[in-house]
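Asks: Quick one: the structure is below, questions incoming.
The values are calculated or read from the model by the stated rules, or taken from the named source; none is laboratory data. Please read all numbers here as calculations on a predicted model, not as lab measurements. Because the Cβ atoms are built from the backbone with ideal geometry, glycine has one as well, and the counts that use them run over all protein chains shown. Only protein heavy atoms, including side chains, enter the accessible area calculation; ligands, DNA and RNA are left aside. Shrake-Rupley method; radii C 1.70, N 1.55, O 1.52, S 1.80 Å.
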Amino acid sequence: MQQILPKLTEYFRPRSVATAITLLSKGKGRRVPLAGGTSLALSTSRKITGLLDLSDLKLRYIKESQRSIRIGATAVMKDLCKHAAVDRVAGGVLQQAAHAVGATPTRNLVTVGGNIVQLFFWSSLPVALLALDATIRIQGKSGRRSISAAAFFRSHPKRHLAFHELVTEVVVPKTSSSCGGAFIKFARTHTGYAMLNVACVLERRGRACHNVRLVIGAATALPFRLRKVEDLLENAPLTPSLLEQAKSMTAQIVKPVADMRADPEYRKEVAGVLVKRAIQEAWARAAQTQAVSGGRKRRPTASRKRKSSGGTA
Amino acid sequence: MKITTAINGQKKVLSVEPNDVLLDVLRREGYKGVKEGCRKGTCGACVILLNGKAVNSCLILAVRAAGQQITTIEGLGTPDAPHPLQRTFVDAGAIQCGYCTPGAMLSAKALLDEIPHPSEAQVREALDGNLCRCTGYVKQVQAVLAASRILKR
C-alpha cells in the first residue's frame, strides 16, 4: 500500500477565512484545504506538504433568505438531505442530488465545497447546481468573487481556482411553486458510482414547459447542459411524442466516454431514457406544488406563506 | 503531534502524524473492534461514531479528531449488560462471521439516537454504508427494529 500524503508535515486549523487564505497564499500551492477529507485521506500526492482544516471556519450552515438558500462550504450532504428549505427547491432536486452521494457514513463527511471543487466524473451535486443556476462564492487574497455554476464547471475547478482561493458558499435561488425538478442517478446499486446523472428543472405553465434546464453528468469529464433539448421543450405542450423526441435527441447529442462501468453506446441509450424520465418527474412535481398553492404569484414575496406539506406531522 | 479526544467517554491524548488515518490510530490504540476492510469508504467495516454521526474512519485523517467525541463498538454495552442492539443482533441471527457487525451496529446506533422509532426504510438507509457478505440485510433490519421496540419500553 502506498503511503498517504508522504510529504505532509504541516497541519493548520485556522479560525477565520482571512487566516486560512493567508496560510494558503504562503503555501504556494503546496498547502491545500481539508474539508470532509474523504479524498485527501486516500491521496498519495507527493506535492501536498500542508493541510488547512476548515472545521473551525464556521462554514457549516444552511441559511434561508427571501430569494435564496445560502449553503456554507463545509455543510455535509446529510445536512442538505434533511433540510426543509433545501427540500423545497425545485421539487427536491438538490436534496436528491445530495442523497445520491455515497452511503450514510460518507454523506456525513462529504462537504458541498469539497464535492464541487473535486468534481469527480460521477459527482452529483455539480449536476444539480448547474440545473438550478446556482452561484459559487469564492474568497482569495485579492478579495471575494461570485461566479455562476456554469462558469465554475466550464473547466475543472481545480484548474481555474487559484491556490490561495477558497470556495466559501454556494447560493441556490429559491424556486416558485410552479417549478419542478428531478435528479436521477443511474448506478448498479444506489450507493454505487454513477454511470450517468441527469437533472431537470422546469416551470409548468398550463400544458407547456418553460425555462427548462437539463444537465447531464458522468457521461463526459464535465457535466453539461443539453441546450438543444431545452429549446425543443421550451413553451411546447408536453406530449408523449415530444418526450420521445427529447429522448432521441439526447442520445444523438451525448458523446459519452467509455469506462469500466459502461461503454459509450450503452450510456447514449440510457441517457435518452433518463432525460425522458427526469422531464416527466420534474413535470409531475411541478404539478403537485401547483395544486397546493395554485393561483399564487410566481415570484416569491415576503408575505408569501411557506408550503407546509410533509415532515411536520 | 498530540491531540486530545474522548473515546467511548474517556479522555485520550493521542500521538499522531499529520498523515495518520483515524482507522489505523484507533486500532493501534487497541480498539480492534474498528475493522479494516476496503480502506476506501465503501464497505463500512471501519465505521465509528464521530460526535454521534456514523462515519468511515478510513476516510478521516486522525488530526481531525482533535477535540471530538469518538464511539467505537467497545463503547457499546458490556458482556454482562449488552446494548439492546447487541442482544437483538444475536437474537435475530444478524451475525455470522461478525466482521461487518461493529460498523453495522454503530450505524444502527446513530440512527436510533436520532430517530428512536424509525421506519423500515429509515433503517435500510442507515445501514446502506455497511456491506455484509454473510447473513444479508433482512435480519439486520429486523434486529434494529426489534432494538427500537426495546428502547420504546
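Asks: How do the pairs read when you match residues in region A:134-152 that are assigned by TED's automatic domain parsing to the domain that holds A:V86 with residues anywhere that are surrounded by fewer than 19 Cβ atoms within 10 Å (Cβ to Cβ) and assigned to a helix (DSSP H, G or I), using Cβ under 7 Å and keeping only pairs 6 or more apart or on different chains?
Replies: What qualifies is A:Q139/A:V17; A:K141/A:S25.
Asks: Which residue is farthest from A:D263 (Cα to Cα), if the candidates are limited to region A:207-242 and must be assigned to a helix (DSSP H, G or I) and among the acidic types (D, E)?
Replies: The first filter runs over region A:207-242 and keeps only residues assigned to a helix (DSSP H, G or I), leaving A:227-233, A:240-242.
With among the acidic types (D, E) added as a condition, the list becomes A:230-231.
Details: A:E230: 25, A:D231: 28 Å.
In this case the residue turns out to be A:D231.
Asks: Collect the residues in region B:22-31 that are within 17 Å of B:L49 (Cβ to Cβ) and out of contact with any Asp or Glu (no Cβ under 8 Å at 6 or more places or on another chain), keeping them in residue-number order.
Replies: Within region B:22-31, the first condition is being within 17 Å of B:L49 (Cβ to Cβ), and the residues that meet it are B:22-23, B:25-27, B:29, B:31.
Result: B:L22, B:V25, B:L26, B:E29.
Asks: Answer with yes or no whether B:L112 is over 19 Å from B:L22 (Cα atoms), open to solvent by less than 20 Å² (accessible area, probe 1.4 Å) and under 14 Å from the mean Cα position of the chain (by Cα). Write out each step before concluding.
Replies: Values: over 19 Å from B:L22 (Cα atoms): yes; open to solvent by less than 20 Å² (accessible area, probe 1.4 Å): yes; under 14 Å from the mean Cα position of the chain (by Cα): yes.
So B:L112 passes the test.
Asks: Please state which of the following conditions B:R64 fails to meet, knowing it meets all the rest: (1) assigned to a helix (DSSP H, G or I); (2) more than 14 Å from chain A (Cβ to nearest Cβ).
Replies: With (1) assigned to a helix (DSSP H, G or I); (2) more than 14 Å from chain A (Cβ to nearest Cβ) applied to B:R64, the lone miss is (2).
Asks: Test each condition in (1) open to solvent by 10 Å² or more (accessible area, probe 1.4 Å); (2) more than 11 Å from every other protein chain (Cβ to nearest Cβ); (3) more than 24 Å from A:C200 (Cα to Cα); (4) among the hydrophobic types (A, V, I, L, M, F, W, C) for A:A84 and report the one that comes out false.
Replies: Looking at each condition in turn, A:A84 falls short on (3).
Asks: Follow-up. Quick one: how many residues across region A:1-31 are within 11 Å of chain B (Cβ to nearest Cβ), part of a loop (DSSP other than H, G, I, E, B) and either touching a His at 6+ places or on another chain (Cβ under 9 Å) or under 14 Å from A:L54 (Cβ atoms) (or both)? Explain how you work it out, then say what you get.
Replies: We begin by selecting, within region A:1-31, every residue within 11 Å of chain B (Cβ to nearest Cβ); these are A:1, A:3-13.
With the extra rule that they be part of a loop (DSSP other than H, G, I, E, B), the set shrinks to A:1, A:3-9, A:13.
Checking the rest, the ones that are also either touching a His at 6+ places or on another chain (Cβ under 9 Å) or under 14 Å from A:L54 (Cβ atoms) (or both) come to A:13.
So the answer is 1.
Asks: Here are some residues: B:L85, B:L49. Which one is farther than 14 Å from B:L14 by Cβ, out of contact with any Cys (no Cβ under 9 Å at 6 or more places or on another chain), facing another protein chain (nearest Cβ under 10 Å) and outside any loop (DSSP other than H, G, I, E, B)?
Replies: On the way: B:L85 fails: facing another protein chain (nearest Cβ under 10 Å).
After applying the criteria, what remains is B:L49.
Quick grid of which residues meet (1) of a type in the set (V, I, T); (2) crowded, with 21+ Cβ neighbours inside 10 Å; (3) at pLDDT 95 or above:
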site	(1), (2), (3)
B:G9	no, no, yes
B:V13	yes, no, yes
B:L22	no, yes, yes
B:E29	no, no, yes
B:N51	no, no, yes
B:S57	no, yes, yes
B:Q69	no, no, yes
B:H83	no, no, yes
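Asks: Further question: Is it true that A:A41 is open to solvent by 30 Å² or more (accessible area, probe 1.4 Å), under 28 Å from A:L129 (Cα atoms) and either outside any helix (DSSP H, G or I) or not assigned by TED's automatic domain parsing to the domain that holds A:V86 (or both)?
Replies: Details: open to solvent by 30 Å² or more (accessible area, probe 1.4 Å): no; under 28 Å from A:L129 (Cα atoms): yes; either outside any helix (DSSP H, G or I) or not assigned by TED's automatic domain parsing to the domain that holds A:V86 (or both): yes.
Spelling it out, it is not the case that A:A41 is open to solvent by 30 Å² or more (accessible area, probe 1.4 Å), under 28 Å from A:L129 (Cα atoms) and either outside any helix (DSSP H, G or I) or not assigned by TED's automatic domain parsing to the domain that holds A:V86 (or both).
Asks: Checking B:G98 against (1) within 14 Å of the chain's Cα centre (by Cα); (2) away from chain A (no Cβ under 14 Å); (3) buried (at least 19 other Cβ atoms within 10 Å of the Cβ); (4) within 21 Å of B:G136 (Cβ to Cβ): exactly one of these is not met. Which one?
Replies: In the conditions (1) within 14 Å of the chain's Cα centre (by Cα); (2) away from chain A (no Cβ under 14 Å); (3) buried (at least 19 other Cβ atoms within 10 Å of the Cβ); (4) within 21 Å of B:G136 (Cβ to Cβ), B:G98 misses (3) alone.
Asks: Quick one: in region A:237-258, of everything that is out of contact with any Lys or Arg (no Cβ under 9 Å at 6 or more places or on another chain) and in contact (Cβ under 8 Å) with a residue 12 or more places away in the chain, which residue is surrounded by the fewest Cβ atoms within 10 Å (Cβ to Cβ)? Steps first, answer last, please.
Replies: Kept after step one, since they are out of contact with any Lys or Arg (no Cβ under 9 Å at 6 or more places or on another chain), are these residues of region A:237-258: A:240-242, A:245, A:248.
This time we only want the ones that are in contact (Cβ under 8 Å) with a residue 12 or more places away in the chain, so: A:245, A:248.
Details: A:Q245: 16, A:S248: 12.
Result: A:S248.
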